[in-house]
Amino acid sequence: PMASTRTQATADFDLILRGAKVVDGTGIPAYVADVGIQGERIAKIGRIDGEAARVIDAKGLVLVPGFIDIHTHYDVQLDWDPIATPSCWHGITTVLAGNCGFTLAPAKPEDVDWLAGMLSRVEGMSRPALAEGLKFTGGSHGDYWKRFEGKVGINVASYVGHSAVRRYVMGDAASERQATPAEIEAMKECVRQAMREGAIGFSTSQLALHVGEDGREVPSNHASADEVVALASVLAEFNRGACEIIPRSFGRGYDDADRELMLRMHEASGRPVELNLLFPSAEDPESWSKSLAFCREANAKGARLHPQFGTNRGGLHVKLSDTFVFDDMPQWREVLCLAEPARSERLRDPATRDRLEQEFASSAGKAIGTTWQNLAVEKVVDRSNQTKVGKTIAELAAAAGVRPIDSFLDLALGEGLETWFYMVTAPEAAAYMNQICATVMKEPFVMAGSSDGGAHLASFVGADYTTNLLTDYVPSVLTLEEAVFKLAYMPAVVHGIADRGAIREGYFADLVLIDMEQLGKGDTWLARDFPANSERFVVGSKGYVATIVNGAVVLEHNKHTGALPGHVLQGG
């Protein structure tokens, strides 16, 4: 338990952490020290003999700077969850939202629902939860984020998203065509205004699988390379922040056009370019190594390209009423993007099933790690189906003497598409992913990520990436000091977040006190705690003794104290 004492209100410090092993985030060796906090900032590091309103005995514990989760979609969730669970349970004190070009601002009032629908489909957010919980009714980037100042328990910063900017300027045509020169100039002014209002940078994506609720590819997918570069160039006027992009050829290791695009974005903006996770893709199992080699070569020549490594291994959950898991397969994506009752009607059609079965069995289907042997029943609605829980679709099909596709779809359709399935990762696949991760994380330009927090809530939870890094790869691959640098100070520097990410006098007191002997990932469970009684997967943790944000203890052993000291960061 966390021992503490309290003294009179006239104390020298508001909080003292005594005798902690300090891993300060910069990469230097750990040391033992007291850390004193006054107000929101670290006032002293060393030996402290003064008094404090509260003293925490930190002997035997490790004190690290609060981790910065660089790729999240907590934009909406903060309306009803001010501490951004479950990320905050894993040492996160700052989240960066608005990734992939998907934001709800800037937005005209009549477009808010359309943008919410895009987020629902592309990022797996519950439409009923959005309808009930989202409080934004339109306005600028600043209008969206100023609502949260003084009302959140963690710090948050956000990109301005390309798709929202396009929709704001072009209306419905944003999802149909390239922009005119005049429209690009108007979009640049939108980005410029968002940067003035504190945006952390500009984000975009052009993946073909990103399809909105209306069945069309998202607005940013229709942009020319010149448009993307033009919008990125606005950042040069501010000399802060970063660009974030998932290029069209991400799954192929970046083709020549996208390599040129990313280098042009960096040159035009003068800012770092954040890229996505390095892992085997459906299109090319070696895409990760090709992307890594390109970034290594480009950075050696002076670029600042920063891909990520992922240590989350939570597996994928599938429910055909709400899933992105099959979006890498175009025919599956087409059917699962349909609204009801058309979706179920198509899934019952024998000809459609034949096409889906063929695609599933193809090389593309196998490449995403999906076979009928590793897709198992996780949770059923109808009690009469309870005996099927834990069995694979292949096993159920063999027992019934039917095709796996029929066994799978008949069970789901019989339960209104609400049956939960789980993708069991084969041991050899898990070992391969661990090997890739261990290789990639050693590169000095690769950052730790990505939780995708706030997104894909019914399919995936990745908030444990911080905990997994510290328990599974320290000290075998990285030292504790190197891992903390990747989790805190490096993302602060890359994204231009001032006075955070390290334990230094004068810096904001975003701190996490950890019992390393107890540190570990907790259970993953399906919670029903969102608006409209909607579901999401969350993952717990153990060993996080205290989480401090801007000098205030927000969590003690992952229990919220009620404090809401977080800031909406103003991009530098």
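The values are calculated or read from the model by the stated rules, or taken from the named source; none is laboratory data. Note that the structure is a prediction, hence the values are computed from the model and not measured. Note that each Cβ is placed from the backbone with ideal geometry, even for glycine, and that neighbours are counted across all protein chains shown. Keep in mind that these areas ignore ligands, DNA and RNA; they rest on the heavy atoms of the full protein, side chains included. Shrake-Rupley method; radii C 1.70, N 1.55, O 1.52, S 1.80 Å.
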Check your understanding: Working out 0.36 nm times the residue gap between Gln570 and Arg296, then minus their Cα-Cα distance, what length gain in nm do you get to one decimal?
Key -> 95.6 nm
Study note, to complete from the structure: In degrees rounded to 10, the 0-90 angle between helix 350-361 Cα long axis and the longest Cα principal axis of the chain is 50
Check your understanding: In nm, to one decimal, how far is the modelled label at Gln331 from the one at Ala236, with both set 7 Å along Cα→Cβ?
Key -> 4.7
Check your understanding: Which whole-number value in Å³ per residue fits the convex hull of the alpha carbons of the chain?
Key -> 145
Practice item. Measure out, as a whole number of angstrom, how far apart the alpha-carbon centroids of the stretch 388-421 and the stretch 61-119 sit. Key: 35
Check your understanding: Quick one: what Rg and Dmax do you get for the stretch 414-547 from the alpha carbons, in Å?
Key -> 17.5, 61
**Study point:** Label point distance in nm, Ala208-Glu443, each placed 7 Å from Cα along Cα→Cβ
**Key:** 2.4
Practice item. Can you tell me the 0 to 90 degree angle between the C-alpha axis of helix 404-414 and the longest principal axis of the chain, rounded to 10? Key: 80
Study note, to complete from the structure: Taking Cα atoms, the helix 112-122 axis meets the longest principal axis of the chain at an angle in degrees (rounded to 10) of 80
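Work out the FRET efficiency for Ala527 and Ala186 from their Cβ-Cβ distance, taking R0 = 41 Å, and round it to the nearest 0.05. Walk me through the numbers on the way to the answer.
Working: r = 42 Å, r/R0 = 1.02.
Here the calculated transfer efficiency is 0.45.
Mind checking the dipole of the chain: about its Cα centre, +1 per Lys or Arg Cβ, -1 per Asp or Glu Cβ, Debye to the nearest 20?
For this selection, approximately 820 debye.
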Review point. Any idea what the alpha-carbon Rg over 2.2 N^0.38 Å comes to for the stretch 176-238?
Key: 1.17
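Can you list which of the GluC sites (Glu not before Pro) found in the stretch 105-159 are DSSP loop residues with at most 14 other C-beta atoms within 10 Å? Spell out each step's value before the answer.
Details: sites: Glu110, Glu123, Glu132, Glu149; in loops: Glu123, Glu149.
For GluC sites (Glu not before Pro) across the stretch 105-159 that sit outside H, G, I, E and B with at most 14 neighbouring Cβ atoms in 10 Å, the list reads Glu149.
Quick one: Cα convex hull volume of the stretch 84-139, Å³ per residue?
Working: hull volume 5.7 nm³, N = 56.
Taking the convex hull of the Cα positions in the stretch 84-139, it is 102 Å³ per residue.
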Practice item. Please list Trp145, Trp114 in order of solvent-accessible area, largest first, computed with a 1.4 Å probe with all protein chains present. Key: Trp114, Trp145
Point to revise | Low-density loop positions, trypsin sites (Lys or Arg not before Pro), the stretch 481-572 - DSSP coil, at most 14 other Cβ in 10 Å | key: Arg528
Revision key, fill the gap. So, over other residues within a Cβ distance under 14 Å of Lys188, counting Lys, Arg +1 and Asp, Glu -1, the net charge is -3
Practice item. Please calculate the 1.4 Å probe accessible area of Arg348, with all protein chains present, and give it to the nearest 10 Å². Key: 140
Review point. For the stretch 267-281, in order, what is each residue's ³J(HN,Hα) by Karplus, 6.51 cos²θ - 1.76 cosθ + 1.60 with θ = phi - 60°, in whole Hz (x at glycine and Pro)?
Key: 5, 6, 8, x, 10, x, 10, 8, 10, 8, 5, 9, 7, x, 10
Check your understanding: What is the list of residues in the stretch 446-466 whose amide nitrogen lies under 15 Å from a point 7 angstrom out from the Cα of His557, following Cα to Cβ?
Key -> none
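Please give the charge dipole size of the stretch 251-358, origin at the Cα centre, charges +1 on K and R Cβ atoms and -1 on D and E Cβ atoms. Round to the nearest 20 debye. Intermediate values should be presented prior to the final figure.
Details: 16 positive and 19 negative charges, 73 e Å.
My answer is approximately 360 debye.
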Review point. Just going by the charge dipole of the chain, with Lys and Arg at +1 and Asp and Glu at -1 on Cβ, which of Val493, Ala84, Ile200 is farthest out on the positive end?
Key: Val493
Practice item. Sticking with the crude label model, points 7 Å out along Cα→Cβ, report the distance from Asp515 to Ala426 in nm, one decimal please. Key: 4.1
Point to revise | Out-of-range pairs (alpha-carbon distance over 21 Å; input Lys135/Lys188; Lys44/Lys442; Lys521/Lys559) | key: Lys135/Lys188; Lys44/Lys442
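Based on the Cα gyration tensor of the stretch 14-115, what are the three equivalent ellipsoid semi-axes, each the root of five times an eigenvalue, rounded to whole Å and given largest first? Before the final figure, lay out the partial values.
Details: eigenvalues 287, 45, 25 Å².
The answer is 38, 15, 11 Å, longest axis first.
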Point to revise | Solvent-accessible ranking of Leu513, Leu413, largest area first, probe 1.4 Å | key: Leu413, Leu513
Point to revise | Kirkwood hydrodynamic radius (C-alpha pairs) into Stokes-Einstein, the stretch 495-572, 37 °C and 0.692 mPa s, D in µm²/s | key: 223
Review point. Just going by the charge dipole of the stretch 48-126, with Lys and Arg at +1 and Asp and Glu at -1 on Cβ, which of His71, Gly117, Thr103 is farthest out on the positive end?
Key: His71
Point to revise | Overall dimensions of the stretch 74-204 as given by Cα atoms, namely Rg and Dmax in Å | key: 14.5, 46
Review point. Taking the Cα centre of the stretch 456-572 as the origin, how large is its charge dipole in debye, to the nearest 20, when only Lys and Arg (+1) and Asp and Glu (-1) carry charge on their Cβ atoms?
Key: 260
Exercise for review: Work out the FRET efficiency for Glu345 and Thr479 from their Cβ-Cβ distance, taking R0 = 60 Å, and round it to the nearest 0.05.
Suggested key: 0.60
Review point. If you stretched the chain out fully between Ser384 and Asp172, how much longer would it get, using 0.36 nm times the residue separation minus the C-alpha to C-alpha distance?
Key: 71.7 nm
